[in-house]
Structures are given as structure tokens and as C-alpha cells.
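Contents: one structure, followed by commentary.
The values are calculated or read from the model by the stated rules, or taken from the named source; none is laboratory data. Remember, predicted model here, so these are calculated numbers, not experimental data. Cβ atoms come from the backbone with ideal geometry, glycine included; neighbour counts cover every protein chain shown.
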Amino acid sequence: MMRNIFSCLFQCVLFLVTFALGSFLLHPFNKRTTLAPDALHTRVFIWDGLLLMLILYVLVLFVEVLMKRIKTAGPWTTVALGVAALLGFLMKFGFLSIDRM
């Protein structure tokens, strides 16, 4: 049980770091959605961090399937993804304001 909790915490940190790196540093897909255009600012959401986190999630699940641990580790991985996504959105990863001056 403790091993599952530590694995979940590690995966949560891994997903959160991936979300942050994709949102701020790496932009491999360059997908943006304009949320609120204004006369002075434009608020956009950069999808790259979220997409990289989901790709990493699928890869982790694939490894768990290969190791035949999907029944025990899969739910913990899903919880880690949910917590990392929630924390990332609370920390406003991916959201960007662009000044038009």
C-alpha cells in the first residue's frame, strides 16, 4: 500500500513537471486557444503542456500493461493524473496574457 502511495506521488510530480514544461518552455505542438480577446490584452491557453501530460499518461499505462500491473497500478496512475491536472490548472499552467501595445 505504501509503495502505491509513493508511486502515485512520484507520478503526480512527474505529470505536473511535464505540464509545466510544456506550458512554459516547450511548445512542440504550438496549439493555442484564444479565451478572451480585449482591446489591451489577449488571454490564451497553450495546450502543449496538457497534451504532453496526456501522452506521458498513455505511455505509463502502456508500461503498466506490459508489466501486467494495470489492475493495481492503473487507478493510482489515473489519480496522479487528476491531481496533477487539478494542481496545474490551479497554478494557471498554460494560461498566458499577451499585451497588444
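At a glance:
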read-out: Members of segment 65-78 that are assigned to a helix (DSSP H, G or I) and either in contact with a strand residue (DSSP E or B) (Cβ under 8 Å, 6 or more places away or on another chain) or of a type in the set (A, V, I, L, M) (or both); value: VAL65, LEU66, ILE70, ALA73
read-out: Filter pass, LYS92 being over 9 Å from the mean Cα position of the chain (by Cα) and in a loop (DSSP other than H, G, I, E, B); value: yes
read-out: Criterion: exposed (fewer than 14 other Cβ atoms within 10 Å of the Cβ), in a helix (DSSP H, G or I) and not β-branched (Val, Ile, Thr) - qualifying residue of LEU54, LEU59, LEU81, LEU87; value: LEU59
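For every residue, the table says whether it meets (1) under 20 Å from ASN4 (Cβ atoms); (2) modelled with pLDDT of 95 or more; (3) within 10 Å of the chain's Cα centre (by Cα).
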{"position": "VAL17", "(1), (2), (3)": "no, yes, yes"}
{"position": "PRO28", "(1), (2), (3)": "no, no, no"}
{"position": "ALA36", "(1), (2), (3)": "no, no, no"}
{"position": "THR42", "(1), (2), (3)": "no, no, no"}
{"position": "LEU54", "(1), (2), (3)": "no, yes, yes"}
{"position": "VAL65", "(1), (2), (3)": "yes, yes, no"}
{"position": "TRP76", "(1), (2), (3)": "yes, yes, no"}
{"position": "GLY88", "(1), (2), (3)": "no, yes, yes"}
